[in-house]
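We did not get these values from a lab; they are worked out from the coordinates using the rules stated. Because the structure is a prediction, the values reported are computed rather than measured. Counting neighbours? That spans all protein chains shown, and the Cβs are built from the backbone with ideal geometry, glycine included.
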């Protein structure tokens, strides 16, 4: 392994490592526009110039392989002069329309200018004009004037999606990023080009002008859009209700995880966050009337107790969802375990879902592996539905499942008439909730902590990001409150305790803690 | 609506695809096929090509838009393209354009109302010996004096459907030997029998009986250096081909002559193409290559036709194909047509282009000798370099080395253009002086005017003043005086030349031809042109000169290839050597030459 010294720091790195990668390992940041670790090396922006001892010219760090004894300087006068002139070239024809540019605040032209530029502008010529504010597809807006022609988007659509939509047309200073006339950028991963665009050339049509990026807070989570469990950062605003009609979540960004999603997420996941702020169930509803938690839970507990006394617990069924966390599911399971006869199953017929060999999985639930691990997939829910329709079920408690989507509206309409107590618990309204007798507001997954297990059997923690909306509570809290009403023992008081209990009981999770899962997950 | 029927192109397309190791390499020839069939490349054509070469239509459009010779819209039956590069400008290109505009009633970039005639300007067509000149469809024409323009316009307007008949320019002047130019007197080309009768293919015959390493040693001993412009020792370059690499090796001929003021390779391709083929056989054998490509610039239609004819002859006579002359050595040659991009003369850009992409120079490392065409070991050599090789093998390395200097053997073809009595291509030992090229070969400055400046090695080379011409033309001597031998293109400027305008023409060329890949070059070349144009218009500002020099310096040494450096050098040298002229322009907004002499407007 070659030993290399960068800014006085010596490190041994794997052969084939480039200087830009080695620098990162010793904590030296080298600016870059075209370089992206997930894409091939283009070497065209020239901002990553470094001084390599004995090399007559500055070298680009992104394409210079390390060599034994190599000495690199990233801060010499030659380097800073080089960075400065590259910035001056990149900004020469740039429109400098930062005040109306959505990238402002997270733009690498702004950032690097402040860090490496700071020159007195000399460009006094007419700037070249190029197309602005062109919607190039459902998700992305193009401003060709702001483009630095780094070709990241071109390489993304060539190398990752292999859809080849982008091209850099013409040559010299007339070179221009774009799509073939009449074509649109409409692939399942289109939003990623906005993430990798280092400037304001490609902006997100959904996020555009919703909020200035400096108002955004960021917290890590995991996408709940499918069983891949792509790692994400949630960008949200809590203190500016005048923005975006009071929405709290502004956008999702992929969060790097080498083993799960690398740098990417699909558009389905990226734009799936609207459920946090739209169509929420905020109040408890008892036969259409707003109620308090205590009253609702007492009513449910009374009905359950009645069944129990009549030795008819087999007339109660619970259908939780693979959208729930391990903690939620474990709490439900523990509760129903203490109510012998109650059927609890999350085994529902699969809905058709888009999938590919990149990230998208057909199973649109984030925790199907968790359901399987807790053995909540043993009884087909369809049998419960049939039993309910034929009047054999008295209490039906649905947690986060849309029965209408799964079994059709007619069945749900029928069972709502047959079942004595039809409880729907979930974060959002749906057709099923409209038929339920009791509707319990559950927190959205971004409002609660917990874990999912993805399709690779990787346990990943989601983390609570937003305060619970309205009267909603986390599913596991609702379950715990009901258990208390029923006089059953929960055995845990907090979520970490709940997880520890679950981990102790479920073999593959033995010994696992939130600390061990960390931010990158833990494969079991 | 024109109906585009591609079924009739299928057979030809299959034949084209069969020439290349990878489909994508057929991109340019397939686009040519579409354009030759339909007159332009319609969207259906881009889609058709994309499907043939497995490229998205966006990537096909990238290619179409990169090269100047492809058209996405129909153009006139007669496409008159007037060269506006420095050598033609020096000899009155501006006047030619004005006359054509007046006579045709259209401006540059326009097509006559009947759609028959299109007038454009183009950068150097590399026929500076017949400057001012133009290309009409596939044919070159020059010298465009008043009579020639009249004849051209008359033919084009009276029967625009018929190809314009242009007289063979009489200005093609070539020397007769001593090495490469021996057969340049054969205006209609030197064909196989004549070539063999003249001792042709003896060098190749000798080489096929040698060990590859012996050939490389012989070429090293000859002190032959790359005559495309870089001057790298040819034999040493060949020795970089790895012996143990199992991949196929490629020999690629750089016939993308494009450096303004250079027009020598065209003579080899058109008048002595077998000399190139013979050199290729020797080189291919030496590096273990069985497949060679000749990449010829797209404008050189006649060169392509004649080279193809020579290649066909060589196949027919057993000098190409399987088991050449019973030696057991196989070699196939494919002639590949470029499509209008100066940058493709840069060897890695040429490889990108040959692979069917935009002419983007490639990142180094890896170098072509290790990973070049189709990621295989590749040697790229200039036409003149390879043509010299056959002579070296025939007459011996010592004979060749002795003609030149201690570090550069042999002769060179010097292209002399601009303000000389007799512009032309002249072969001379590399130690010939610049003075001799101007005054002896070029026969001095017309009209008894004084010499003002001279560019010694193509437009990229730093300019020299009249008092700096007593210098030998070999690579090392010119480097010692701060310029370079480059492509051997000598552009002569007399005292009537405005250096601001001369720099404007040079900067226009670089702004037009930058591939646009690296930011310093893409932005810097355009910026420099805008600044010098402003000074030329009389709108210069006091800080323009330091700004131009700063910008030029900032471009140097920061890009993938040396194009940016080449764009910077004229700016630096014209300003430094003729500073007072620039100062005067900025201070007065006027050209002082206009007041003192009959200024040639460039």
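Descriptive notes on the structure:
- Radius of gyration, Dmax [chain A; alpha carbons; angstrom]: 27.5, 91
- Per-residue shielding of A:148-158, expressed as the average number of other chain Cβ atoms within 10 Å of the residue Cβ, stands at 2.
- Compared with the dominant Cα axis of chain A, that is its longest principal axis, helix A:293-309 is turned about 50°.
- For A:37-47, mean number of other protein chain Cβ atoms within 10 Å: 4
- Rg(Cα) / (2.2 N^0.38 Å) computed for chain B, rounded to two decimals: 0.94
- Where both bridge residues fall in segment A:3-75, DSSP classifies roughly 75% of the beta bridges as antiparallel.
- For the peptides A:342-355, B:520-533, the ranking by mean Cβ contacts within 10 Å, running from highest to lowest, is B:520-533, A:342-355.
- Cα gyration tensor, segment B:7-66 - rounded (a/c under 1.5), prolate or oblate: oblate
- Degrees separating the helix A:326-337 axis from the principal Cα axis of chain A, which is the longest one: 10 degrees
- Cβ-derived FRET efficiency at R0 25 Å, residue A:127 paired with residue B:576, nearest 0.05: 0.30
- Secondary-structure-derived ellipticity at 222 nm for chain B, considering helices only, amounts to -12000 deg cm²/dmol, per-run term -39500 (n - 2.57) for DSSP H runs with n ≥ 4.
- For segment A:332-362, backbone nitrogen atoms closer than 20 Å to the point 7 Å from residue A:259 Cα along Cα-to-C-beta are found at A:358-361.
- Using bins of 10 Å that start at zero, the share of Cα-Cα pairs per bin across segment B:411-494 amounts to 22, 60, 18, 0, in whole %.
- Three-way shape call for segment A:124-276 based on the alpha-carbon gyration tensor, with the a/c threshold at 1.5: oblate
- Calculated P(r) of segment B:299-353 - Cα pairs past 18 Å, %: 49 percent
- Antiparallel bridges, percent of DSSP beta bridges restricted to the protein assembly as shown (to nearest 5): 55 percent
- Cα→Cβ-extended label distance, 7 Å offset, between residue A:41 and residue A:510, nm: 4.7 nm
- Rough spin-label spacing in nm, given labels placed 7 Å along Cα→Cβ, for residue A:243 and residue B:221: 7.8 nm
- Mean Cβ neighbour count within 10 Å, used as a protection proxy, ranking B:470-481, B:22-33 highest first: B:22-33, B:470-481
- Once C-alpha pairs closer than 8 Å and six or more residues apart are averaged by separation and normalised to the residue number of chain A, the relative contact order reads 10 percent.
- Net length gained if the chain between residue A:111 and residue A:215 were fully extended (0.36 nm per residue, minus Cα distance): 35.7 nm
- Fraction of beta bridges assigned by DSSP in chain A that are antiparallel (%, nearest 5): 65 percent
- Efficiency of FRET between residue A:305 and residue A:377 - r from beta-carbon atoms, R0 25 angstrom, step 0.05: 0.30
- Look at the stretch A:85-94: the mean tally of other chain Cβ atoms within 10 Å of its residues' Cβ atoms is 6.
- Axis of helix A:495-505 versus longest Cα principal axis of chain A: the two differ by about 70°, to the nearest ten degrees.
- The distance between label points at residue B:327 and residue B:206 comes to 1.3 nm (points 7 Å beyond Cα on the Cα→Cβ vector).
- Packing-based ranking of A:507-519, A:310-322 yields A:310-322, A:507-519, ordered from highest to lowest mean Cβ neighbour count within 10 Å.
- Here the protein assembly as shown is treated as a sphere whose radius is the Kirkwood value from Cα pairs; by Stokes-Einstein at 37 °C and 0.692 mPa s it diffuses with a coefficient of 97 µm²/s.
- Centre separation in Å (Cα based) which lies between segment A:1-25 and segment A:347-407: 51 Å
- On full extension, the segment bounded by residue A:286 and residue A:520 gains 80.1 nm, given 0.36 nm per residue less the C-alpha separation.
- FRET E, pair residue A:24, residue B:54, Förster distance 45 Å, beta-carbon r, rounded to 0.05: 0.80
- Centroid-to-centroid separation of segment B:51-115 and segment B:464-504 [C-alpha atoms, Å]: 30 Å
- Distance between the C-alpha centres of segment A:165-207 and segment A:108-157: 11 Å, rounded to the whole angstrom.
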